[in-house]
Amino acid sequence: MTQEFDLVTSLAKGVEGRSGAWAFIQGFAAHWAGAAVGSGDGWTEADLDAAEARLGLPLPPALREAYVLFGRRRDLTSNHDVLLGPAELHVDDAEEALVFRHENQGAASWGILLDSLQDDDPAVFVRLDLADKSAERWEEWLERLSLCFVEIVLSESLQADETLCDFLDLDDDGLALVETNFVRLPFPAYPLGGETRWFMGQDVLVRDDDGAAILARGRTPEAIDRVRDVIPGDWLNDCR
């Protein structure tokens, strides 16, 4: 890409639909993840055809597009939680959803309901692994699969190299500093859990997890240091 990546503008388009989502992820990869999306970063159509044949189910166009474009880029999709490869896609035990992502310790799975696999860009649901198995159910996560992939790339970017990423438990003063010093990003509300908000500053991305903690990612070590200076506290990875 020859021009500077405008994260705010690109994200606003990215949350609207598939083409904007893929353009955002490509721009984010090039300008924040250190390497543009290349021809070898996705699975082949043959890989996906084989998955469909094994499952006896169609893969939605949005899932195929994402896997072909960047499905093998673990730095974009699997720094913490895990995007499953085509050979690992499976139907859950209750035969309700096609599972495509797992939380890194098995605490949750993300899937697409089987009755929506014919949709171009279906909604994504999440199922928590609970002690009471009878209470487990698929609950709404994000309204479109392409939007879920935008969220995956953003969230996984916060779990990359410790020289670029950090974590801080928040108090009210710290939360006020986030709101004062960073720009709120146009990402839709999550339907589950507390309020999660995305912010950005100069070369830095910040996620506020319901006022309890923030995760931050800088494009450079200097950028993440600026966040630590703006919001004082016991940052997990601050070795200065």
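For the reader, a short list of remarks on this structure follows.
- Helices assigned as whole DSSP H runs in the chain whose Cα atoms extend at least 30 Å along their own long axis and whose mean Kyte-Doolittle hydropathy is 0.5 or higher are not found.
- Computed from backbone phi, the HN-Hα couplings of the stretch 93-107 come to 4, 7, 6, 10, 8, 8, 8, 10, 8, 10, 5, 5, 10, x, 7 Hz, rounded to whole numbers (Karplus: 6.51 cos²θ - 1.76 cosθ + 1.60, θ = phi - 60°; Gly and Pro given as x).
- Kirkwood hydrodynamic radius of the chain, Cα pairs, Å: 18.7 Å
- GNM result for the chain, Cα springs below 10 Å: residue of GLY71, GLY56, GLY38 fluctuating most strongly: GLY56
- By the beta-carbon count within 10 Å of each Cβ, the least crowded to most crowded order of CYS165, CYS239, CYS148, fewest first, is CYS239, CYS165, CYS148.
- By the beta-carbon count within 10 Å of each Cβ, the least crowded to most crowded order of SER116, SER19, fewest first, is SER19, SER116.
- Treating r as the C-beta distance of VAL8 and LEU57 and R0 as 51 Å, the FRET efficiency rounds to 0.85.
- Of the GluC sites (Glu not before Pro) found in the stretch 40-95, those that fall in a DSSP loop while having at most 12 other beta-carbon atoms within 10 Å are GLU95.
- For the stretch 98-240, the spread of Cα positions along the three principal axes, ordered from largest to smallest, is 50, 34, 26 Å.
- Arranged from fewest to most other beta-carbon atoms within 10 Å of their beta carbon, PHE182, PHE187 become PHE187, PHE182.
- Total formal charge among the other residues, if their Cβ is under 10 angstrom from that of ALA35, Lys/Arg +1 and Asp/Glu -1: -1
Read the figures in this text as sums done on the coordinates, not as results from a lab. Since the structure is predicted, the reported quantities are computational estimates derived from the model, not experimental observations. Reconstructed Cβ throughout: ideal geometry from the backbone, glycine too, with neighbour counts over all protein chains shown.
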